[in-house]
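Right, one structure below, let's go through it.
Every number here is computed from the coordinates shown, using simple stated rules; none is lab data. Values in this document were obtained by computation on a predicted structure and should not be read as measured data. In this analysis, Cβ positions are derived from the backbone assuming ideal geometry, glycine residues included, and neighbour counts consider all displayed protein chains.
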Amino acid sequence: MNTSEQTVDRPFVTSDGKIWPANVFVPCKRYYCIKYTKEMLVSKITEKCLKPDDGNFIDLWVLTRINHWDHEIETTVCLTDKYLMIISFNFINEDCTSKRVLLQCIKTVRVGNLIQPNWSALPQRNYGGVQIIWGELEETKWIDRWNPISQDVPMIILHHHPCFYSLDPLSDKDMYNCDLAISAISKSLSKYGVQVEYANIHLNSHINFFTIIYNQSNLGFCKDRNGISF
């Protein structure tokens, strides 16, 4: 056992094979993403992000990305038959930036509990997620590891979007479901011999109190904040 990391005394997934959900209910009226139906979002992403050589569109989801600094960021994940596209779509002004990962470059899809190191100042996460890796994490440059906005760390960690836990019924709620994304992505990767592995996902969280404020305030999400939108 690695005593430098916290432990979770439970299986990697639930009894029905899903990632462990957070034990929360979320009021979602302030999230701008709920103003978009899935059909509307597919149309916007197709218009603003997809290129003719990106391949055939399969599906998309709006999820929570947990980056290498433990920041929770609203992320649109688009799957084509060639790419996994990691998209920052601003649901307020519709600005859009994207990172393309060739499916054939993905090496690992890991599903399990999210584990913080013992020395982290951040609270333990009581839920699971999926980690997708397309490069050698050990070879990530020091400057990228310590840059909270770097896009060059070759992996992504995903969980359900807060709207998955909505107190109120939502149309297109499946769009916020990380389990559906895992299923579709793993199906697309099976032709490359990539199988889902079940293991704890070890976070490399820094002792950074800004991260606690960032996550508790949902600064990574497009929300109406008492009349101020960002």
Listed candidates (1) 7, 27, 30, 23, 10, 3, 0; (2) 7, 32, 39, 19, 2; (3) 8, 33, 33, 19, 7, 0 - label of the one calculated as P(r) over Cα pairs in 10 Å bins from 0, in percent: (2)
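List the DSSP H helices in the chain whose Cα atoms stretch 20 Å or more along the helix axis and whose mean Kyte-Doolittle hydropathy is at least 1.6.
Correct list, ordered by number: empty.
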Positive-end extreme of charge dipole, region 59-191 - chosen from ILE156, ILE115, SER186 (charges on Cβ): SER186
Trypsin sites (Lys or Arg not before Pro) lying in DSSP loop within region 25-104, provided at most 12 other Cβ fall within 10 Å: LYS29
Those GluC sites (Glu not before Pro) in region 54-118 that DSSP places in a loop and that have at most 13 other beta carbons within 10 Å: GLU94
Rounded to whole Hz, the Karplus (6.51, -1.76, 1.60) HN-Hα couplings of region 218-223, x for glycine and proline: 6, 5, x, 10, 7, 9
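In percent, how large is the relative contact order of region 32-224, given Cα pairs closer than 8 Å and 6 or more residues apart?
Once divided by the residue count of region 32-224, the mean separation gives 28 percent.
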Length gained when the stretch ASN204-GLU94 is fully extended (0.36 nm per residue, less Cα-Cα span): 36.5 nm
Loop sites in region 1-94: chymotrypsin sites (Phe, Trp or Tyr not before Pro), DSSP, at most 13 other Cβ within 10 Å: PHE25
